[in-house]
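Undergrad: First the structure, which I've put down as structure tokens, then a few questions once you've had a look.
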Amino acid sequence: MIAPIRRLCNIRFRKNDLINVLRVERDRKSAYNVLVTLAALSFLNNNENAKCDPSVQPKNGFNSSPIPNGSSKNAFYKYKDLKAEKKAEEGETYFNDNYEYLRIISGSSNKTITDEIGGLLGVGVGECKLGKYADGEISIYLAEQVRGKDVYVVQSGQKPVNDNLMELLLLVSTIQRASAKRITAVIPYYPYKHHRRGRPISTGLNSRFLLSAAADFGHCLEVMGVDRIIAVDLERPGSANESNFFSPAVPVETLLTTKLFAHHIVKDIYSPEYKGEIRVISPSSALMKKAVMFASTLSRRLPKANVKVNTYIHLTARTGPIDVNTNELIAGSDVEGKDVILVDELIDTGNTLSVLSKKLRALGAKNIYAYSSHALFNNNALQVLEKAPIDKIFVSNTVEHDLQEIEKYCPKIEVVSIGPQLAKLIYAEHVRSADIFKEEYEVQ
């Protein structure tokens, strides 16, 4: 690996050539490769003679001109980001419709949010035909030229989970074999979250064999050749969460919906002059940090309101799956006559929100609202939530929902789209890495 880098560093070279060398060697996933990569990137960052090739001209509305003298690279990107965000707010797209360096490919699980992302970016959704053979095997035909392009594959891990996961793996493999420059898997709902509820295998030696299906899925994505992961509301580091299931060679970025929903709830329910009492409740101690962040944003948007955080905890010592009926609020009398907002991560069958909302109503809560990052609505969840004493439930569209079914069985549920946030994140990631794909550097 040293020889090709020395050879590239001692002559005039294009930055793309060095990136290609690093891309090939990175597949070995060795510590030696990490050190060499850092050394190469340090050379590029510290070389004062590197400059943009004036012969490279932008092919469309994307600004690929050198960074102006006297301004930092970060300030330059910040200026471009703000300019693009302002255009997006005015109804314009981030890129022209003939922009050729970025491609969005959709799986079959959540085409609604993929179409929204492609529309906001202005590049649309790439043509990819998905189907199944008579025996159930997945058929993929990529009718899109992705050679040398930055490709984002959007696929959620909703029902049927295993089919969607296999489809994602085969999509990544197909795009990798089609010579894409970089592949990013956008997984709005990262599947196999139930690993936390499973009972680990135990022995008679007071030890446990740790296992996680989510980690195994992460390894599968790495082997298929994914370069980056973008997901929504992954668990925070510290408790064997999804973001730690990938090696350092695969950056994982999670979009947090806490502030988005806090702003939306304030706009939808409260006025800026609201002076009442609000209690933000976490269904368990594991979600306490999320509830605190939500309450902090709420306090800034409602400066005259008295916003406090509370949580349910398990007072009964027991092993195995936790019975939500045994959860108790730390300060039960604190919710009497006050508005309550339940901050959850995942709605599966709706039982948790139903049981806890009934407890809160019995304690004298005035208005009860709920917010959840992901909503699967399995079994008869819609009917369960409709009967629960919750005034309004806010969920995201990380999982594709049947809006007509929601309106029919539980009209108090409101689906908030995170498409604009994902489009903005994809834009920022692509633009800040655009020199890998478009701009050519040379050393004198």
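Undergrad: From the set of residues in the range 324-362 that are assigned to a loop (DSSP other than H, G, I, E, B) and in contact with a Leu (Cβ under 7 Å, 6 or more places away or on another chain), which is least open to solvent (accessible area, probe 1.4 Å)?
TA: Checked the range 324-362; the qualifying residue least open to solvent (accessible area, probe 1.4 Å) is G350.
Undergrad: Another question, if that's okay. Mind listing whichever residues of the range 417-444 are of a type in the set (A, V, I, L, M, F, W, C) and at pLDDT 90 or above?
TA: Within the range 417-444, I418, L422, A423, L425, I426 qualify.
Undergrad: Quick check on E400: is it open to solvent by 30 Å² or more (accessible area, probe 1.4 Å), among the acidic types (D, E), in contact (Cβ under 8 Å) with a residue 40 or more places away in the chain and assigned to a loop (DSSP other than H, G, I, E, B)?
TA: yes
Undergrad: Do you know which residues across the range 373-383 are outside any loop (DSSP other than H, G, I, E, B), in contact with a strand residue (DSSP E or B) (Cβ under 9 Å, 6 or more places away or on another chain) and either β-branched (V, I, T) or farther than 28 Å from V123 by Cβ (or both)?
TA: Within the range 373-383, A375, A381, L382 qualify.
Undergrad: Contact list please: Cβ distance under 6 Å, first residue in the range 418-429 and hydrophobic (A, V, I, L, M, F, W, C), second residue in a helix (DSSP H, G or I) and modelled with pLDDT of 90 or more, pairs at least six apart or on different chains.
TA: Close Cβ pairs (under 6 Å, with a partner that is in a helix (DSSP H, G or I) and modelled with pLDDT of 90 or more) amount to L422/I117; A423/I117; A423/L120; A423/L121.
Undergrad: List pairs: first in the range 295-315 and more than 14 Å from K275 (Cβ to Cβ), second basic (K, R), Cβ under 6 Å, 6+ apart or cross-chain?
TA: Between residues of the range 295-315 that are more than 14 Å from K275 (Cβ to Cβ) and residues that are basic (K, R), the close pairs are T297/K259; K308/R279; N310/R279.
Undergrad: So if I check each of E414, E386, which one is modelled with pLDDT of 95 or more and either among the small types (G, A, S) or not in a helix (DSSP H, G or I) (or both)?
TA: Being modelled with pLDDT of 95 or more and either among the small types (G, A, S) or not in a helix (DSSP H, G or I) (or both) holds for just one of E414, E386, which is E414.
Undergrad: All but one of (1) open to solvent by 40 Å² or more (accessible area, probe 1.4 Å); (2) part of a strand (DSSP E or B); (3) touching a helix residue (DSSP H, G or I) at 6+ places or on another chain (Cβ under 8 Å) hold for V151; which doesn't?
TA: Among (1) open to solvent by 40 Å² or more (accessible area, probe 1.4 Å); (2) part of a strand (DSSP E or B); (3) touching a helix residue (DSSP H, G or I) at 6+ places or on another chain (Cβ under 8 Å), V151 violates only (1).
Undergrad: Next up: Given the criterion more than 24 Å from the chain's Cα centre (by Cα) and either open to solvent by 30 Å² or more (accessible area, probe 1.4 Å) or at pLDDT 95 or above (or both), identify the matching residue among S179, S108.
TA: Result: S179 is the single residue among S179, S108 that is more than 24 Å from the chain's Cα centre (by Cα) and either open to solvent by 30 Å² or more (accessible area, probe 1.4 Å) or at pLDDT 95 or above (or both).
Undergrad: Can you find, within the range 135-173, the residue that is nearest to the chain's Cα centre (by Cα) among those that are of a type in the set (V, I, T) and modelled with pLDDT of 95 or more?
TA: V154
Undergrad: Is one or more of the residues making up the range 368-376 at pLDDT 95 or above and open to solvent by 20 Å² or more (accessible area, probe 1.4 Å)?
TA: For the range 368-376, residues at pLDDT 95 or above and open to solvent by 20 Å² or more (accessible area, probe 1.4 Å): present.
Undergrad: Now for a separate question. Quick one: which residue in L130, L121 is of a type in the set (A, V, I, L, M), in contact with a helix residue (DSSP H, G or I) (Cβ under 8 Å, 6 or more places away or on another chain), modelled with pLDDT under 95 and open to solvent by 40 Å² or more (accessible area, probe 1.4 Å)?
TA: L130
The values are calculated or read from the model by the stated rules, or taken from the named source; none is laboratory data. The shown structure was predicted, so the numbers you read here are calculated from the model rather than taken from an experiment. Don't worry about glycine lacking a Cβ; one is built from the backbone with ideal geometry, like all the others, and counts go over all protein chains shown. Only protein heavy atoms, including side chains, enter the accessible area calculation; ligands, DNA and RNA are left aside. Shrake-Rupley method; radii C 1.70, N 1.55, O 1.52, S 1.80 Å.
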